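Presented below is the structure to which this report refers.
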Amino acid sequence: MIGEAIKAAKNPILPGRGVCDPHVRIFDGTLYLYASHDASPDNADYCMNDWQIWSTRDAIDWTHVATVHPEDTFMGASDACWATDACARNGQYYFYFSNGAREIGVMSSPTPSGPFRDAIGKPMIAEGSTPTMEYDPHVFVDDDGTPYLAFGGPAWAYRDKADGYYLARLDESMTVLAETPRKLALDHRGDDKVALHKWNGIYYLSWASHYATSDSVYGPYRYRGNIGASKDHGTFFYWNNQWFNAFTIFDPTLNHRATGLCHVAYRKNGEMAPVESLIVENGVGHYDASWHRISAAWYMSASRYVVQEGPNGGFEAAGLTEGDDLTFPNIRNMPDSPTICFFACCTNADAAIEIWSDGHPMGTCNISTASSPFHYNVFQTRLPIRGGVHSLTLTIRGVNTSLHLDSFRILP
């Protein structure tokens with residue numbers, strides 16, 4: 001139903017609705033989820049009659065803003081509305097879609113939520129026009145603004161009809177390939193829909209929770225590992241100075257799925273760290289005061305990106321200075337007048353953390369200089385708030401401060 005609103009309590013964010021194969025795009029500060037749609041939990045095979053678009057401003061409250069129908073494309077009515085993606089260019093929004101595992105099409109609209117109409121009235125990439133199978137499109141825009149379309153899949157899944165992943169530049173119209181697609185050299189068997197993103201100058205080619213890296217968008221790509229979030233489609237996005245993974249969850253079967261969200265962290269050597277199981281299960285943007293530890297790296301928004309690998313191999317918010325802030329919304333089961341305990345270290349004896357709750361100042365915790373730059377201690381203060389659900393914002397104070405915040409804990 002268009003306009004339906006759902007509050008995400010935990011993963012999956014939209015349970016029981018078959019909203020899967022997620023691509024999250026950010027337009028004018030709003031997150032848009034472009035997704036496939038498994039028709040029924042009773043499906044014995046994939047049955048996908050349309051695509052759905054959901055939006056949110058906070059990754060918690062999601063609204064169904066559009067359903068995109070294959071009848072509005074060259075496909076006509078179909079139960080093979082496979083994976084999709086979207087991007088913005090030239091004042092237009094482009095919606096790329098799969099006609100099963102056979103063809104790729106493109107629609108356009110003046111708004112992120114449509115109405116979308118077939119941009120060219122025929123397949124953008126026709127069946128048999130490349131050495132691989134033409135399906136599961138993904139758009140990647142490089143730092144210099146060059147747009148690319150990646151597509152294809154593993155040969156083993158289609159009895160050697162597919163030939164791996166392919167990549168081609170898009171022309172300025174975003175509806176035509178500007179070059180012959182090139183096969184992406186990969187030293188590992190890709191298992192699922194391809195995606196690309198870039199961090200710290202490195203290109204990340206991913207499928208499900210697996211990923212490989214390269215110094216060139218065309219590869220070759222070297223397999224690096226598995227972050228462990230999902231065995232099905234997944235993509236990555238950067239928002240509010242934080243990295244996230246949108247992934248597919250079986251809900252309850254391989255043929256009826258849902259979407260989850262989790263945080264993503266990068267090691268100093270470029271590896272993506274495995275996601276903590278607590279976050280895979282609970283998702284992002286909400287926490288529980290009963291947890292023995294809330295990692296500082298799990299913030300939902302910050303004044304800048306501050307997630308770094310810590311000295312113990314985990315992740316923290318590092319190099320925090322005067323005026324930096326981290327926000328943790330929706331902390332459930334907060335007790336009356338709780339004590340907040342920070343596990344931190346700092347190089348400045350005058351450093352402090354201001355704690356704000358729901359926009360109101362609640363107190364200050366002084367962080368004294370430790371005996372060495374990476375000697376962590378527990379610092380605590382009591383908060384004059386009533387029990388329930390609260391959002392906390394932590395603001396750093398102290399000139400010449402370099403504060404490393406590993407985590408915090410809420411105690412009665």
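The table below lists the values:
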quantity: DSSP-loop trypsin sites (Lys or Arg not before Pro) across the range 307-412, with at most 13 other Cβ within 10 angstrom; calculated: ARG386
quantity: Fraction of accessible area attributable to carbon and sulfur, the chain (%, probe 1.4 Å); calculated: 49
quantity: Two-decimal Rg/Rh across the range 95-135, once Rg and the Kirkwood Rh are taken from alpha-carbon atoms; calculated: 1.05
quantity: Cα-derived Rg over Rh, computed across the range 28-107 with Rh taken as Kirkwood radius; calculated: 0.99
quantity: The chain - percent relative contact order, Cα under 8 Å, separation 6 or more; calculated: 12
quantity: Using alpha carbons only: equivalent-ellipsoid semi-axes of the range 1-61, gyration tensor based, whole Å; calculated: 22, 13, 10
quantity: Gyration tensor verdict on the range 285-332 (Cα atoms; rounded if a/c is under 1.5, prolate if a/b is larger than b/c, oblate otherwise); calculated: oblate
quantity: Area accessible to solvent at TYR203, 1.4 Å probe radius, in Å²; calculated: 20
quantity: Pairwise centroid distance, computed over Cα atoms, of the range 55-79 with the range 23-46, Å; calculated: 7
quantity: Rg/Rh (Cα only; Kirkwood hydrodynamic radius) as it applies to the range 49-96; calculated: 1.02
quantity: Residues of type lysines that LYS198 reaches as a straight line, Cα spacing below 26 Å, ignoring anything fewer than 8 places off in the same chain; calculated: LYS183, LYS231, LYS268
quantity: Stokes-Einstein translational diffusion, the range 1-158 - Kirkwood Rh over all Cα pairs, 0.692 mPa s, 37 °C, in µm²/s; calculated: 204
quantity: If the convex hull is drawn through the Cα atoms of the range 199-275, its volume per residue in Å³; calculated: 95
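The values are calculated or read from the model by the stated rules, or taken from the named source; none is laboratory data. Every value quoted in this text rests on a predicted model; they were computed, and no experiment measured them. Glycine also receives a Cβ, built like all others from the backbone with ideal geometry; neighbour counts cover every protein chain displayed. Note: accessible area is taken over every heavy atom of the protein model, side chains too, but ligands, DNA and RNA are not part of it. Shrake-Rupley method; radii C 1.70, N 1.55, O 1.52, S 1.80 Å.
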